[in-house]
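Comments concern the structure below.
No value in this document is a laboratory result; all are computed from the given coordinates. Just so you know, these numbers come straight off a predicted model, no measurement behind them. Here the Cβ is made from the backbone with ideal geometry for all residues, glycine too, and neighbour counts use every protein chain on show.
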Amino acid sequence: MPVEIDRRPLWLLLLVKGTRLLLLLSLALLFWFIVAIDPPQGLSPAGKNAIAIFIVCLSLWITNLIPLAVTSILAIIMVPLFGVLTEKETYSLFGNEAVFFILGAFILAGAVMRSGLGSRVATMIMKRFGGSSTGLARSIFLLAAVLSFFISEHAVAAMLFPMVLEIAKALKLRPGKSNYGKLLFISLAWGCIIGGVATFLGGARVPLAVGILRETSDKSIDFLDYSLAVLPVVVIMLTVGYFVLARLFPVDIEGIEEAQEVLLKKLQGMGKVSYNEYAVGIIMGLTFLAWFFLGRALGLALIALASVVTLFVFKLVRWRDIEEYVNWGIILMYGGAIILGSALDKSGAARWMADMTIQNWAETPLMVVALFSLATLILTEGMSNAAVIAVLMPVGIGMSGSFGMDPVIVTLAIAIPAGLAFALPMSTPANAIAVSSNYVNVKDMARAGIIMSITSWIVFNLVARFYWPIIGLKF
Amino acid sequence: MKKHVNCRRHGAAIDAPRRTIDPDNMEKSYLQNPALLKIELMLRGTRVDPGAWDAVGTSGDLEGVADGIDIELSHKTPVNVPCKEDFTRNSPYLLKSEGGRFHITDGRDRVEVGIIRKPRFYTRKTTTGIPFSRIGVVHGSYVAITPSKRCDFFNSDVECRFCAMDLDGSTGPSATYSVDEVLETVEAAHREDRANSIYLSIGFSDGPDGGVEFLKPYIRAIKKHFNSLLAVEALPPEDNGWIDETYAIGVDSVLYNLEIYDRELFDTICPGRARLIGRDRYVEALRYAATVFPNGTVASHLLVGLEPPGSTVMGIDLLTSIGVIPILPIYRPSAGKAVRIEPLTTEVIAPVYGHLYRAVKKNGISMNWVRDISIITTPLEARFLTKEKKEGLDAAIQSIYNTKIGLKAAWGLATLRRKLRVRKTEESLDHPDI
């Protein structure tokens with residue numbers, strides 16, 4: 001058990017460690033205070049309690065004083081306990097379609113990874129299109145993006161990371177010094193981030209946002225509509241990203257023969273395509289087609305779960321293998337977030353909060369979109385993007401009601417920017433993985449990331465203003 | 001036949017420390033000064049009035065327990081007094097009993113003392129049949145346990161010349177006591193409120209960890225079952241990381257015993273330590289440990305009587321300057337191991353203890369951890385050997401720590417400090433995000 005002795009003064013250590021308890025105690029006191037006071041005009045007692053629970057969960061999600069999933073469990077306990085929703089209503093919300101869609105997507109991604117199909121496709125594409133130094137960087141960037149259309153961006157980053165690291169080592173790039181090393185790893189991270197917002201599958205945040213939307217209004221967004229709405233953002237950001245990378249990290253090496261050798265060896269080591277890879281590939285292909293064309297009629301979760309059952313029918317995966325890939329914490333976190341969002345909506349608290357806050361600053365629906373997208377982009381740099389959704393969605397839905405806007409617009413204004421966290425390693429696992437390589441430092445990432453974040457806000461708002469009305473999303 | 005070392009040749013070379021014993025006091029009697037009397041009794045022993053024997057109840061034939069009477073002098077000063085050895089026949093002191101009360105007299109004066117009864121558990125055995133007295137020995141408020149009686153130096157040409165212990169654990173059925181046997185012993189001592197602190201020690205074994213790896217299961221088990229403070233006497237490990245780990249696994253106090261300050265004498269008297277560890281490593285390890293463990297919990301023995309007093313004084317100065325508390329046991333020669341300097345009298349060594357108190361105080365080292373030990377004169381007890389007559393803050397704090405609440409507080413604070421200070425490397429990999 002390697003240990004370190006913290007030699008800072010004891011009073012400082014006590015303060016640092018005690019802060020957590022102090023904050024938790026303060027939160028508890030704040031909660032009791034809000035619960036004890038009379039509700040302000042226009043807010044029901046249940047709404048006031050819902051806001052008290054929301055403030056506690058919001059603080060815990062931002063500060064990470066307890067794990068995100070545990071905060072959601074706390075919400076599940078408190079909502080019925082303080083009479084915001086009945087116990088039955090609370091638990092039934094956990095059976096939301098979004099939760100089961102996320103579960104299905106995790107299992108499908110697990111099957112792709114486990115079968116070796118993901119690694120094979122990635123290696124083949126890099127070998128085929130990575131013939132030159134710029135070509136290799138470009139293929140990593142686009143490959144990460146395209147793979148993130150289909151499986152979680154976190155899984156893509158984790159899958160491609162060892163390959164990129166092997167390439168960097170084969171090319172003898174110096175960690176922290178080599179521009180090309182920085183280029184490769186930031187390409188990987190940004191590819192995952194931009195690709196991750198393209199569909200429902202890039203991350204679980206979009207299904208979560210849609211889940212909250214569905215529970216708090218009679219509206220929904222299907223797979224195809226979402227992808228259509230976000231497509232220009234993805235294309236423009238991929239283009240901008242490519243040029244920003246080329247500008248900030250000019251290639252400082254000549255040949256990449258060693259990298260090609262690494263990829264060739266890897267491909268040879270994989271042998272021929274196995275039955276499992278073929279079968280998983282076919283099932284995944286059919287699943288995507290079904291999501292695109294039958295999603296509205298059958299529901300995304302149903303299709304995902306049907307594919308999962310098919311995988312097991314053909315013995316393509318074992319449950320033990322899948323358990324490695326299912327993040328039960330995320331499932332719990334999302335269930336709790338949907339319950340909290342629904343509690344705020346049904347008690348009238350969301351509407352009341354929206355009236356009291358952003359409504360004072362926003363005068364037009366366009367400003368609502370601009371403000372929410374900005375708030376989301378800022379928050380997502382510092383906290384889990386799923387937590388950002390959980391925090392902003394209830395207020396956003398309330399706000400859309402105040403302005404008579406389609407709640408789908410506000411959902412998109414939160415769900416899309418929530419995935420666009422470029423600047424900090426704690427923003428998203430893809431960034432953290434890139435920094436963990438030691439080829440990229442936080443300063444490099446922040447310098448390039450800030451440019452991308454500002455650009456993405458501008459691009460998103462331009463798309464919303466000029467493109468969305470064309471596809472029927474008017475506000 | 002053991003080799004003898006002539007330590008006298010150093011006697012005149014080093015100046016004796018400054019004396020601060022009140023000459024008037026010395027002229028009259030040592031009886032009224034608990035520190036002086038403690039040293040006197042440890043050096044000269046006492047005779048016991050026949051009428052007092054039954055009431056005293058010595059260890060008799062108990063295995064592992066030194067013969068001697070545990071007496072409490074004034075200011076709650078415990079002392080283990082030899083009473084059966086040949087040299088005690090000439091002692092000027094006599095322990096007498098009158099009407100259930102005890103006193104010591106030197107023929108001119110007398111002072112009332114208390115008798116600390118031998119623990120009852122000494123007469124019992126573990127479930128495996130080993131006498132508790134062989135595993136754990138009570139010295140004041142702590143129980144000393146040596147889980148393995150083995151020392152690789154024993155009976156070799158590098159054996160410490162002063163060593164009087166039977167550490168040839170390679171033979172016999174109980175070379176090593178099991179964790180359960182040690183736990184049973186601690187529990188037995190706990191039941192009699194005799195185990196405020198546990199003191200684990202180990203002989204030399206060749207390894208980079210200084211013996212901590214061997215002691216680890218004992219330390220963990222004791223910490224898991226008892227709220228006792230734990231001291232470990234080990235050897236300086238090769239790497240300071242082991243010192244961090246020693247603290248992290250629950251050790252509250254650590255001792256790396258230098259024994260001899262004088263470099264030349266160290267090499268001669270402790271050839272094994274000198275050759276395989278080195279005096280410099282002792283000092284370096286102690287210096288580092290003092291930055292890891294709480295103030296006043298890193299200690300090192302300097303044997304009084306194996307080197308000239310001036311040399312011991314220099315050792316005290318070195319140790320206290322690096323935040324280490326010197327512990328000064330008086331060397332009692334055993335048969336065939338007569339390596340001590342002569343004469344070893346209270347007049348000669350009392351000033352050394354006086355210096356100990358001043359040096360510890362001057363360097364701001366806490367005196368609250370090394371306390372209530374019957375076989376050494378603690379730094380705080382040594383205050384009676386200086387001009388400082390007042391019961392200072394240290395004495396007040398120590399009296400608080402001697403209460404049940406004080407002991408619990410000490411344990412709680414030590415545990416809290418460890419919780420705050422120790423960071424396991426694997427923890428940094430845990431991210432609260434999911």
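For chain A, take N as its residue count and report Rg(C-alpha) divided by 2.2 N^0.38 Å.
1.01
Using a cut-off of 18 Å between alpha-carbon atoms, which lysines can reach residue A:272, once sequence neighbours fewer than 8 places away in the same chain are excluded?
A:127
Sorted by mean Cβ packing within 10 Å, highest first, what order do the peptides A:248-259, A:393-404 take?
Ranking, from highest mean packing down: A:393-404, A:248-259.
Convex hull over the Cα atoms of the range B:245-381, averaged projected area in nm²?
Across all orientations, the range B:245-381 yields a mean hull projection of 8.5 nm².
Can you give the extra length, in nm with one decimal, that the chain gains between residue A:436 and residue A:361 once fully stretched, where that is 0.36 nm per residue apart less the Cα-Cα distance?
23.0 nm
What base-10 log of the normalised intensity I(q)/I(0) is obtained for the protein assembly as shown from the Debye formula, alpha carbons as equal point scatterers, at q = 0.07, 0.08 Å⁻¹?
Debye intensities relative to I(0), on a log10 scale: -0.76, -0.85.
Explain nothing, just the number: relative contact order of chain A, from Cα pairs under 8 Å at least 6 residues apart, as a whole percent.
Here the relative contact order equals 23 percent.
For the range A:397-475, which trypsin sites (Lys or Arg not before Pro) pass both filters: DSSP loop (anything but H, G, I, E, B) and at most 16 other C-beta atoms within 10 Å?
Those satisfying the criteria are A:474.
Mind listing the Cα extents of the range B:120-423 along all three principal axes, in Å, largest one first?
Dimensions of the range B:120-423 along the principal axes of its Cα atoms: 49, 47, 41 Å.
Considering only Cα-Cα distances, which of the following residue pairs are longer than 20 Å: B:96/B:404; A:177/A:265; B:38/B:404; B:223/B:419?
B:96/B:404; A:177/A:265; B:38/B:404
To make sure I understand the rule: partners must be aspartates and glutamates, Cα under 16 Å from the Cα of residue A:443, and not fewer than 8 residues away in the same chain. Which ones qualify?
Here the aspartates and glutamates satisfying the reach criterion relative to residue A:443 are A:381.
If one computes the Cα centroid of the range A:397-469 and of the range B:361-408, what distance in Å separates the two points?
64
Assigning unit charges at the beta carbon (Lys, Arg +1; Asp, Glu -1) and nothing else, what dipole magnitude in debye, to the nearest 20, does the range A:276-361 show about its Cα centre?
200
Sort A:182, B:223 so the one with the fewest other Cβ atoms within 10 Å of its own Cβ comes first.
B:223, A:182
Among A:244, A:213, A:117, which residue has its Cα furthest toward the positive end of the charge dipole of the protein assembly as shown, with +1 on Lys/Arg Cβ and -1 on Asp/Glu Cβ?
A:244
Expressed in nm to one decimal, what extension gain is obtained for the pair residue A:7 and residue A:451 from 0.36 nm per residue of sequence separation less their Cα-Cα distance?
155.9 nm
Placing +1 at every Lys and Arg Cβ and -1 at every Asp and Glu Cβ, with all other atoms neutral, what dipole size does the protein assembly as shown have around its Cα centre, in debye to the nearest 20?
Using only the charged Cβ atoms, the result is roughly 480 debye.
Give me the aspartates and glutamates in straight-line cross-link reach of residue B:362: C-alpha distance below 17 Å, same-chain residues under 8 apart excluded.
B:317, B:381, B:388, B:391, B:394
So in the protein assembly as shown, what percent of DSSP beta bridges are antiparallel if you round to the nearest 5?
55
Using only atoms on other chains, find how many Cβ atoms lie within 10 Å of each Cβ of peptide B:414-420 and report the average.
Counting other chains' Cβ atoms within 10 Å and averaging over B:414-420 gives 3.
What's the center-to-center distance, using Cα atoms, between the range A:289-363 and the range A:77-92 in Å?
So the separation of the two Cα centres works out to 19 Å.
Starting from the Cα of residue B:424, step 7 Å toward the Cβ, then list every residue of the range A:1-18 with an amide N under 17 Å from that point.
A:1-6
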